[in-house]
Amino acid sequence: MSSSSVILLVEGARPASSLAPVLEDKGYAVALASNVKEALNQAREASPALAVVNAATLHTDGQRICLELREACAPLPIVMVVRHGIDPDKLECADVILVRPFTSRKLLNRIGRLLPDNAGEVLSVENLILNLNTHLLRVGKTEHRLTPMKARLLEEFLRHPGE
């Protein structure tokens, strides 16, 4: 986790339990927004590494915000927080969906998996993202831990496409 990582946090204007302190305590810089317009402005200005849409504190299900962020900032990973009782299978706009209640550790773990590892080189081709340090491969929303040999082989293929 790097203190230089900026996280765009979209949540209600005065949420009962903001996620900002949890993120700031872990060293993330937080850019706050409370609606779609502010979120898009913050995404342009702050160049966040990730967005957290706390739909549980908004007057919406968060779908529109996620879709507009996805359209404006295509590679931006998105974590969406929803209220208990919302079916997460019907929400396809986010990379990760967390249903309240959850622990702050669970939130931070999900964020950590989506952020690029600053300590290691990352290779990316289309929807394949390979972290060369951790041997973690992301294909779309799915993660796979590779053996060192498989990671080296995949690295060769990614570095020399079509050969």
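For region 125-163, which positions are loosely packed, with under 13 Cβ neighbours inside 10 Å, polar (S, T, N, Q) and touching a strand residue (DSSP E or B) at 6+ places or on another chain (Cβ under 8 Å)?
Asn127
Taking Leu8 as the residue in question, decide whether it is in a strand (DSSP E or B), under 28 Å from Asn127 (Cβ atoms) and modelled with pLDDT of 85 or more. Walk me through it before giving the result.
Working: in a strand (DSSP E or B): yes; under 28 Å from Asn127 (Cβ atoms): yes; modelled with pLDDT of 85 or more: yes.
Against the criterion (in a strand (DSSP E or B), under 28 Å from Asn127 (Cβ atoms) and modelled with pLDDT of 85 or more), Leu8 qualifies.
Inspect region 16-27 for any residue being polar (S, T, N, Q), buried (at least 16 other Cβ atoms within 10 Å of the Cβ) and outside any helix (DSSP H, G or I) and give the result as yes or no. Write out each step before concluding.
Taking region 16-27 first, the residues polar (S, T, N, Q) are 17-18.
Next, only the ones that are buried (at least 16 other Cβ atoms within 10 Å of the Cβ) stay: 18.
From the residues that got through so far, the ones that are outside any helix (DSSP H, G or I) too are 18.
Within region 16-27 (the criterion being polar (S, T, N, Q), buried (at least 16 other Cβ atoms within 10 Å of the Cβ) and outside any helix (DSSP H, G or I)), the answer is yes, since at least one residue qualifies.
Would you pick out the residues in region 111-154 that are part of a helix (DSSP H, G or I), free of Cβ contacts under 8 Å to residues at least 60 places away in the same chain and not small (Gly, Ala, Ser)? Explain how you work it out, then say what you get.
The initial filter retains those residues of region 111-154 that are part of a helix (DSSP H, G or I), namely 111-114, 148-154.
Next cut, free of Cβ contacts under 8 Å to residues at least 60 places away in the same chain only: 113, 148-154.
Residues satisfying the conditions are Arg113, Pro148, Met149, Lys150, Arg152, Leu153, Leu154.
Looking at region 54-71, I want the residues that are without any contact (Cβ under 8 Å) to a residue 40 or more places away in the chain and have a partner that is basic (Lys, Arg) with Cβ atoms under 8 Å, at least 6 apart or on another chain. Which pairs are those?
Close Cβ pairs (under 8 Å, with a partner that is basic (Lys, Arg)) amount to Ala55/Arg83.
Which residues, taken from region 70-105, are open to solvent by 40 Å² or more (accessible area, probe 1.4 Å), part of a loop (DSSP other than H, G, I, E, B) and closer than 20 Å to Ile129 by Cβ?
Result: Ala74, Pro75, Glu92.
Just checking, which of Leu67, Leu108 is assigned to a helix (DSSP H, G or I), among the aliphatic types (A, V, I, L, M) and under 23 Å from Ala16 (Cα atoms)?
Leu108 is the lone residue from the list that is assigned to a helix (DSSP H, G or I), among the aliphatic types (A, V, I, L, M) and under 23 Å from Ala16 (Cα atoms).
Consider Leu50 carefully, then state whether it is closer than 17 Å to Lys141 by Cα and surrounded by fewer than 19 Cβ atoms within 10 Å (Cβ to Cβ).
Numbers: closer than 17 Å to Lys141 by Cα: yes; surrounded by fewer than 19 Cβ atoms within 10 Å (Cβ to Cβ): no.
Here the answer is no, as Leu50 does not meet what is asked.
Any idea which residue in region 53-64 is farthest from Leu108 (Cα to Cα), counting only those that are in contact with a helix residue (DSSP H, G or I) (Cβ under 7 Å, 6 or more places away or on another chain) and open to solvent by 10 Å² or more (accessible area, probe 1.4 Å)?
Going through region 53-64, the residues in contact with a helix residue (DSSP H, G or I) (Cβ under 7 Å, 6 or more places away or on another chain) turn out to be 53, 61-62, 64.
So of that shortlist, the ones also open to solvent by 10 Å² or more (accessible area, probe 1.4 Å) come out as 61, 64.
Values: Asp61: 22, Arg64: 24 Å.
Ranking the candidates gives Arg64 first.
The values are calculated or read from the model by the stated rules, or taken from the named source; none is laboratory data. The structure presented is a predicted model; accordingly, all values stated were derived computationally and were not measured. Methodologically, a virtual Cβ is constructed for each residue, glycine included, from the backbone with ideal geometry; neighbour enumeration extends over all protein chains shown. To get the accessible areas, we keep the full protein, side chains included, count just its heavy atoms, and leave off ligands, DNA and RNA. Shrake-Rupley method; radii C 1.70, N 1.55, O 1.52, S 1.80 Å.
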